[in-house]
Amino acid sequence: MATTLFTQNTIALIWDFDKTLIPDYMQSPLFRRHGLDEANFWAETNALAARYRERGYHLSPEIAYLNHLLTHVQAGPLAGLSNKILHACGAEIKFYPGLPEFFGLARGYVREKPKYAEHGITLEHYIVSTGLAPMIRGSAIAPHVDGVWACEFIENPLQPGFLRQKDLPLDPPAAEIAQIGMVIDNTTKTRAIFEINKGTNKNPAIDVNAKMAAEDRRIPLQNMIYIADGPSDVPSFAVVEGGGGRAYAVYNPARPDEFAQNDKLLQTRRISGYGPADYTPTSSTAQWLQMHVHHICDRIVADREAAVAQKATKPPRHLNELPADEGARRPVGREKQASFLDGEK
């Protein structure tokens, strides 16, 4: 018997992190804790690719800052840096107004009409970021999200010959990040979107590269809203918008240049809308998201009810059965007709 994998009644809000949920870069608490000059760190990071090119090396800009963090660990300024420390630094991240409370508020949007509840519509939040996963998981937003895609480090990497090693050392070396475990850049963010789309994050048996029919995907692209801060997220904007979903850009209200940047994205049809990074309930951003979540809910309800109407045919009826009011609609008998012709009242 044919069946589908998922009911497709889930909506996903997919969030960038830096400059979208927070006004700064998430690494700021780490630099403050260790007394590093944040501006200098980013200036050096931005200069790495050109300097290495002069030496005949090719450096992917997306991993430059990760490598530079590891260099700081090896050289001493960040010696002893571990995932545990990064997690602790995440607790110091300051969010834009209305967060993290807005995430709970948004889940309630799909319960605001009885029809939505009848069809079991739910809403999930995902973060897809080029930042550091341990810091996101240590932040105040973590309990409110359903999944995080971000960069990760490995501590105490396995040494050559580890396959032949039967016993683990009794006293492992102190935890310190030493290798890059996962890289999320502005292009591979689209892979995360398709993992959410196909349900790979919920069912590991589903490979993100596997061919899947549209009706078998857990969260259709048209059930998604992607929220980010600007041009670096254009690939993700394009994937979601191209699949019938919505893309929304936010800007820091104190930055007119970010406002202009988002307006250009709207004029070039990269996004569906934009607004300030203010998630308080009465803000224009919160109201825009509420309205479009409702639009998606309405379409889900309409699609599901249309499917029922199409696939559930009416049962057969006996041909000699007459409706209850059939007698009232029978033609007047000949005798009665004659009486009327004779002038009877």
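Data for the structure
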| read-out | value |
| --- | --- |
| Single unsatisfied condition, residue 159 versus (1) in contact with a strand residue (DSSP E or B) (Cβ under 9 Å, 6 or more places away or on another chain); (2) in a loop (DSSP other than H, G, I, E, B); (3) surrounded by fewer than 18 Cβ atoms within 10 Å (Cβ to Cβ) | (1) |
| Subset of segment 219-232 that is outside any strand (DSSP E or B) and at pLDDT 95 or above - its residue that is surrounded by the most Cβ atoms within 10 Å (Cβ to Cβ) | 223 |
| Flag for residue 38 being modelled with pLDDT under 95, surrounded by fewer than 16 Cβ atoms within 10 Å (Cβ to Cβ) and either in contact with a helix residue (DSSP H, G or I) (Cβ under 6 Å, 6 or more places away or on another chain) or within 20 Å of residue 150 (Cβ to Cβ) (or both) | no |
| Lone unmet requirement of (1) touching a helix residue (DSSP H, G or I) at 6+ places or on another chain (Cβ under 6 Å); (2) over 19 Å from residue 124 (Cβ atoms); (3) crowded, with 17+ Cβ neighbours inside 10 Å for residue 235 | (3) |
| Qualifying residues in segment 172-215 (those that are touching a helix residue (DSSP H, G or I) at 6+ places or on another chain (Cβ under 6 Å) and part of a loop (DSSP other than H, G, I, E, B)) - the one farthest from residue 126 (Cα to Cα) | 212 |
| Selection from segment 105-136 of residues that are in a helix (DSSP H, G or I) and either touching a helix residue (DSSP H, G or I) at 6+ places or on another chain (Cβ under 9 Å) or on the phi > 0 side of the Ramachandran plot (or both) | 105, 106, 107, 109, 115, 116, 118, 133, 134, 135, 136 |
| Considering residues of segment 85-104 that are in a helix (DSSP H, G or I) and among the small types (Gly, Ala, Ser) only, the residue nearest to residue 305 (Cα to Cα) | 104 |
| Pick from segment 60-84, criterion small (Gly, Ala, Ser) and not in a helix (DSSP H, G or I), ranking: surrounded by the fewest Cβ atoms within 10 Å (Cβ to Cβ) | 76 |
| Any hit, segment 272-283, residues being under 17 Å from the mean Cα position of the chain (by Cα), modelled with pLDDT of 95 or more and among the β-branched types (Val, Ile, Thr) | no |
| Any hit, segment 7-24, residues being touching a residue at least 12 places away in the same chain (Cβ under 8 Å), farther than 30 Å from residue 286 by Cβ and surrounded by 18 or more Cβ atoms within 10 Å (Cβ to Cβ) | no |
| Residue count for segment 245-258, restricted to those that are over 18 Å from residue 21 (Cβ atoms) and either of a type in the set (Lys, Arg) or surrounded by fewer than 19 Cβ atoms within 10 Å (Cβ to Cβ) (or both) | 2 |
| Extreme residue, farthest from residue 86 (Cα to Cα), among residues of segment 33-49 that are charged (D, E, K, R) and part of a helix (DSSP H, G or I) | 44 |
| Breaking point among (1) over 20 Å from residue 186 (Cα atoms); (2) in a strand (DSSP E or B), for residue 247 | (1) |
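The values are calculated or read from the model by the stated rules, or taken from the named source; none is laboratory data. As the structure is a prediction and not an experimental result, all values here were calculated from the model. With ideal geometry, Cβ positions are generated from the backbone for all residues, glycine too; neighbour counts draw on all protein chains shown.
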